[in-house]
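Comments concern the structure below.
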Amino acid sequence: MLRHLSGEWLAALQEALRAGEVAGNVAAPAGRLVIGQVVTGTPGGEVRYSVAIGGALPPEVIQGSVAGAQVTLVTDHETARAVAGGSESLATALVAGRVKVRGDANALIAAEEALASLATALASLAQATSPD
């Protein structure tokens, strides 16, 4: 089983994204959207990574950095696990104030199709992710 947000988990996320071939023309520079995520309160401390989707390049997960992200989502570990595991939607967590948005929130709205593919990739990882 993969540990949520470990290097292996992030590599598996990239594989799942590439296998799913993220759809949609993202409204971002060169058709590419980079979404950063900062997760606080993990057993190993703060985790940072970015997901680049859309455009002519394959999806990419950049471990350890949110530099270059048009939009960054900041949340605690519990909420990140719930969203990644599918027990809570990102929209619900946003409305409840458990996810903070930094940067261009409109980029998230414009990338609806690509984000649906990201949700599908996360759902495929949920079964392979350890519960602790």
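A few points about this structure:
- For first residues located in segment 61-75 and over 16 Å from Leu33 (Cβ atoms), partners that are surrounded by 20 or more Cβ atoms within 10 Å (Cβ to Cβ) and hydroxyl-bearing (Ser, Thr, Tyr) and lie 6+ apart or on another chain with Cβ distances below 8 Å form the pairs Gln63/Tyr49; Gly64/Tyr49.
- For beta carbons closer than 7 Å, sequence separation of 6+ or different chains, a first residue in segment 112-125 that is over 19 Å from Ser50 (Cβ atoms) and a second that is assigned to a helix (DSSP H, G or I) and modelled with pLDDT of 80 or more, the qualifying pairs are Ser124/Ala16.
- Residue within segment 53-73 that is in a helix (DSSP H, G or I) and either out of contact with any helix residue (DSSP H, G or I) (no Cβ under 7 Å at 6 or more places or on another chain) or aliphatic (A, V, I, L, M) (or both) present: no
- Elements of the type helices (runs of 4 or more DSSP H) sitting completely within segment 87-127 and holding at least 2 residues that are at pLDDT below 90 and surrounded by 13 or more Cβ atoms within 10 Å (Cβ to Cβ): these cover 105-110, 112-126.
The values are calculated or read from the model by the stated rules, or taken from the named source; none is laboratory data. Please read all numbers here as calculations on a predicted model, not as lab measurements. All Cβ positions, even for glycine, are placed from backbone atoms using ideal geometry, and neighbour counts span all protein chains on display.
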